[in-house]
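Shown next, in structure tokens, is the structure this report addresses.
The values are calculated or read from the model by the stated rules, or taken from the named source; none is laboratory data. Everything numeric here is computed off the predicted structure, so don't read it as measured data. No Cβ is skipped: glycine too gets one built from the backbone with ideal geometry, and neighbour counts run over all protein chains shown. All accessible areas refer to the heavy atoms of the entire protein, side chains included, with ligands and DNA or RNA removed. Shrake-Rupley method; radii C 1.70, N 1.55, O 1.52, S 1.80 Å.
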Amino acid sequence: MEYYFKTENLAVGYNGKILIYDINVQLEKGKILTLIGPNGAGKSTILKSITRQLETIRGTVYINAQEISSWSPKDMAKEVAVVLTDRIRPELMTCAEVVAMGRYPYTNLFGKLTPKDMDVVREALERVHALDLAGQYFTTLSDGQRQRIMLARAICQEPEIIVLDEPTAYLDIRHKIELLNILREMAQKKNITVIMSLHEIDLAIKISDYLLCVKGNTIEAFGPPDVILGNHTIEHLYELRNGSYNLLFGSIELTKPEGAPKVFVVAGGGYGIACYRALQKQEIPFATGILFENDVDCQVALELSDHAVVTPAFEAMTDVQFQKASDLLLRCEAVIDAGTPVGTLNQLNRKLLRLAEEKNIPIYRSKDRQEVWAWNT
């Protein structure tokens, strides 16, 4: 396979001191590569090095089989557009004028823009939904608006590769989605290669063809998200000691409550998640069950409790699991009925509720969780 973008044994850093070494990346044209990793890991350093904002210490960067170290700045600008986190403050320049700066690699010695150039500027502003900002001064914009204008400037260069450092950093959720959709469209329809860094792991997984996991002075992993990410990859990459990352949901769960369970949650089918998280907020340790292993409740319960009773999917619950769940329930001071419908395979959960009634253990419905907080205090 012929790769459009490639690094070989690349080492990057500052003042001759290597920060990260042995960076080996191979990327086909029109694909999206996202760098993830903790703050200070060197993601920005890598991006600045492959765009020649920083001098590489060792190794080679290739674009279209050509070593970029020999390219002129103008040739580099035609091939690669860059949107870094460094904030620019162009005084007395409108947004349209800032975007038009992306056309300078194509202008004559006097930097005069042609009607075609102005059409490209307009199209770039339209693509990032910022045409209404064209006449405003750049310095008057919010951080999110500035980010969109800087992306428009990069689009205006008509590059083959676009490199972005945390492009969603100042955007609300709507504009995050819009920006990432723009990048995906550029990759799929324009065959533009996208290389960027993101802190939103869930978005990185969803948009990227490849991930580059940066940690310490090495590359932790490189490849398609579904290949390189295991159950605890994110916890290891970010050294999570409090809380966890749910790879299936793409969500972070905060630290689980410690201690013996005080409440037993009879749940399943997604009905228990709100209860689990509410109990976690109140730092009330809980037990739960009986849950099928493919149940969404199970995914969250295992992150927030050490006392979840789980059964194989598509099989009827067994007496062994009921005994384990009932032992936990009888040690608790209250029970929450999450409201899960009872069918053929989960009838033992109804039996758990009857057991609580027989033992005079208070039972609360999920909508009455506030009564549980009052009981707990």
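Evaluated over the Cα positions of the range 32-145, the convex hull gives a direction-averaged projected area, one quarter of its surface, of 9.5 nm². Bridging of residue 190 to lysines at a Cα separation below 21 Å is possible for 6, 29, 31, 78, 116, 176, 206, once same-chain residues fewer than 8 apart are set aside. Straight-line cross-link reach from residue 256 at under 12 Å between alpha-carbon atoms covers these aspartates and glutamates, not counting any fewer than eight positions away in the same chain: 283, 303, 306. Using the Cβ-Cβ distance between residue 240 and residue 97 with R0 set to 51 Å, the FRET efficiency works out to roughly 0.70. What fraction, in whole percent, of alpha-carbon pairs in the chain exceed 37 Å separation? The proportion of pairs with Cα distances above 37 Å equals 40 percent.
Against the criterion of solvent-accessible heavy-atom surface with a 1.4 angstrom probe, 319, 337 sort, most first, into 319, 337. The chymotrypsin sites (Phe, Trp or Tyr not before Pro) of the range 29-121 that meet both conditions, a loop assignment by DSSP and at most 13 other Cβ atoms within 10 Å of the site Cβ, are 110. Report the paramagnetic label zone for residue 129: residues of the range 137-169 whose backbone N is under 19 Å from a point 7 Å from Cα along the Cα-to-Cβ axis. It comes to 141-156, 167-169, nothing else.
Average projected area of the Cα convex hull of the range 247-377, in nm²?
Over every viewing direction, the Cα hull of the range 247-377 projects on average to 7.3 nm².
Surface composition of the chain: carbon plus sulfur atoms contribute 49% of the solvent-accessible area (1.4 Å probe, protein chains only, all chains present). When you filter the trypsin sites (Lys or Arg not before Pro) in the range 61-169 for DSSP loop state and at most 16 other Cβ atoms inside 10 Å of their Cβ, you are left with 87, 112.
Once R0 is set to 35 Å, what does the formula 1/(1 + (r/R0)^6) return for the Cβ-Cβ distance between residue 320 and residue 206, expressed as a FRET efficiency to the nearest 0.05? The partial results should precede the final answer.
Numbers: r = 39 Å, r/R0 = 1.11.
The calculated FRET efficiency here is 0.35.
Note on the range 305-359: Rg/Rh from Cα positions, Kirkwood definition for Rh, rounded to two decimals, is 0.93. Of the residues 188, 170, 201, the one whose Cα sits farthest toward the positive end of the charge dipole of the range 149-223, with +1 on the Cβ of Lys and Arg and -1 on the Cβ of Asp and Glu, is 188.
Estimated purely from DSSP H runs of n ≥ 4, each contributing -39500 (n - 2.57), the mean residue ellipticity at 222 nm for the chain is -10000 deg cm²/dmol once divided by its residues. Approximating the spin labels as points 7 Å out from Cα along Cα→Cβ, the residue 137-to-residue 293 distance works out to 6.4 nm. Remark: the residue 189-residue 24 segment gains 56.7 nm on full extension, using 0.36 nm per residue and subtracting the alpha carbon distance. With unit charges on the beta carbon (Lys/Arg positive, Asp/Glu negative), name the residue among 320, 353, 217 whose Cα is farthest towards the positive pole of the charge dipole of the chain. It is 217.
I need the shape label for the range 265-332. Rule: rounded when a/c is under 1.5, else prolate if a/b > b/c, else oblate, with a, b, c from the alpha carbon gyration tensor. Cα axes put the range 265-332 in the oblate bin.
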